[in-house]
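If you scroll down you'll find the structure; I have some questions about it.
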Amino acid sequence: MHPSVWLTKEARVKPAVSAPTNPAPHDLTQALTTAFTPNYRAIVQMAAPAVVGVTVAGQHALGPDDVAPDLDDPFFQFFRGLPGFQLRTPKQAPGAKVPFRSQGSGFIIASDGLVLTNAHVVREAKDVTVKLNDRREFKARVLGADTATDIAVLRIDAKNLPVVRLGDSEQLQVGDPVLAIGSPFGFEQSASQGIVSAKGRSLPGDSAVPFIQTDAAVNPGNSGGPLFDGNGAVVGINAQIYSRSGGFQGLSFAIPIAVALKVKDQIISTGHASHAHLGVTAQDLSQALAESFGLKMPNGALVSSVLPQSAAAAAGLQPGDVITEVNGEAIERSGDLSSRISQQAPGDRVKLTLWRDNKELVVSVKLGSADDSSTEKPRAGQEAKPDDLDLSLRNLTREEMAATHLQSGLVIEGVSGPAAQAGLEPGDVLLSVNGQAVQTPDQVLRLMRRKPKAVALLIWRNGDRIFIPIQMQ
C-alpha cells in the first residue's frame, strides 16, 4: 500500500526529555546532560503485537487521470498510493474496472477489535482483512473513513487483543526520537527509527491536517501504521512520504494522534466525520506584506478572500485581515489556521484575534460546515482611467465579471517598474490596496497619495486571490 506519490507499558522506558518552547541556555544544558537513547527493543517488544497488516481487495474503475504521471510535476512528489492505483493502457477506456489487491498497516486501540488505519488504505475496498502479529486473520468491517484527514476506523470480531498505548502528539517537539512499525512493501512488522523533523506541516490537498514530519524510513505499505515516541506511545499515523522514485527519501509525514482520535470518536458516534468551515482563503505573510499591514513580524494567516454567506462573512471578516490567534492559540502560517478550524465541529464558536487597520481586535465566529458553499454574483463595470502605481488599469466589463464571478475590480493592462518586479502581470485583476477595496482607478490614486512605504495588492489571477507586496521606497 502506497502511503502517499504526493507519495502518499505497561513496561515503561526512561521518559523523553522535552525542552521548553523557548528554552534558556541553562535549560538546554540540563536537557543535554539528562538526554537518553530510547530502548527501541523494548518499544518493539511491547507495541508490535498491537500493530496489524491490512489487506484489501476490490475493483477500481479507471478514470481519465489513471495514466502515467508527469515525473517532472512537483506535485507528483507527494501522493497517496490508492488501492487499485493503475496506469491505464491504450486498450483500456476510462470507466473500465480492474481488480486490485494491496496492503497497508494499522494498529489496535481497543481490546475488543477497534483498529485505526488510513482512509486511503481501504478506499474502494470490497474485502478488508486484518492480520495480527500472531498470524491470525480476521475479516474487518469499515465503520467509517474520513478523506479530509485520511483516517479510517475498522472493527474485527475478536476479544482480549493487545493494544497500543496512546500518547500526546501536542507535547512532541522537533528533535524528539520516533519509531515507525508497519509493513513496507509487504515486509510485515518492520521497524524504523528517526527524529521529528518538523511539526504542523501543511501539504497540498491536506490543509485539514497539521502533519508531523520525520526522517523515519516509511515506504509503501507503512500507510496507517503507528508512529511511536521515545516512551513507546503512539503519537501519529504514518500517511505520506515525499519521493521522486516512489521509495523513502528522508521525508515522511504522519497524522497527529490527537487529530485521529477526534475523527475516530465522530465516526463511532455517527458513522462519519464532520469538519468546520470558516469560509476564507488565506496565505502566508512575507516580511514585506507584514510591513505593509503594520505588523512587526510575518506571523499570521492573511485573508485574501471571504466566501459570501459563510461563517467568516457573517462575523464581518474582510480581505486584508490577518488572523493571529484562534481561541488564544497563535497562528504563524495559513496552514495553522486551516488545521485548527478543521478540527472543530460545525456550529462551534471560536474566538479569532485579528489585525486590521493597524490595531488588534477579537471576533467570535460560529463555524459552518465544510460542505457549505456559495458563489459570488457579478455586477456592472466602470470606465477606465490610468493610475499612479506603474500600472495601467481599466474597469472590468460585464462579460469579464460574468466570466470571473467578480463583483468589481480593475484589470491590469500594463505593468512596469516595481510592480512588474513584484510579479504582477497583464490580465491580473486588482481587488484592493492595503486592505481597501478598489472599484475605480481614482480610488487607487487617492490611496497612493498617502505615499506608503509598501503596499499590499490583492490580485485575482486565474481564479485565485493572492496578496502581492510592493516596496515603494
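In what sequence, largest accessible area first, do His60, His277 appear using a 1.4 Å probe? Walk me through the numbers before you get to the answer.
Details: His60 20, His277 55 Å².
Heavy-atom accessible area, descending, gives His277, His60.
Applying a 10 Å radius around every beta-carbon, put 441-450, 176-185, 284-293, 391-400 in order of their mean neighbour count, most first. Before the final figure, lay out the partial values.
Values: 441-450: 15.9, 176-185: 23.6, 284-293: 19.7, 391-400: 17.6.
Order by mean packing, descending: 176-185, 284-293, 391-400, 441-450.
Modelled label-to-label distance, Asn462 and Val98, 7 Å Cα→beta-carbon offset: nm?
The modelled label-to-label distance comes out at 3.0 nm.
Suppose the chain between Ala403 and Glu332 were pulled fully straight at 0.36 nm per residue; how much longer would it get relative to their current alpha carbon spacing?
Details: separation 71, 0.36 × 71 = 25.56 nm, distance 3.47 nm.
Value of the extension gain: 22.1 nm.
³J(HN,Hα) across region 250-260 via Karplus (A = 6.51, B = -1.76, C = 1.60, θ = phi - 60°), whole Hz, x for Gly/Pro?
The phi angles translate into x, 10, 10, 10, 10, 7, x, 5, 4, 5, 4 Hz.
Rounded to the nearest 0.05, what FRET efficiency do Glu170 and Lys351 have when you use their Cβ-Cβ distance and R0 = 22 Å?
Values: r = 19 Å, r/R0 = 0.88.
The formula returns an efficiency of 0.70 here.
If you stretched the chain out fully between Ala42 and Lys296, how much longer would it get, using 0.36 nm times the residue separation minus the C-alpha to C-alpha distance?
Here the segment from Ala42 to Lys296 would lengthen by 86.6 nm.
Let me ask something else about it. Find, among the GluC sites (Glu not before Pro) in region 302-342, those assigned to loop by DSSP (not H, G, I, E, B) with at most 16 other beta-carbon atoms within 10 angstrom.
Glu332
The values are calculated or read from the model by the stated rules, or taken from the named source; none is laboratory data. If you're wondering where the values come from, they're calculated on a predicted model, not measured in any experiment. Heads up, the Cβs are rebuilt from the backbone with ideal geometry, glycines too, and the neighbour counts pull from every protein chain shown. The accessibility values were calculated without ligands, DNA or RNA, using every heavy atom of the protein model including side chains. Shrake-Rupley method; radii C 1.70, N 1.55, O 1.52, S 1.80 Å.
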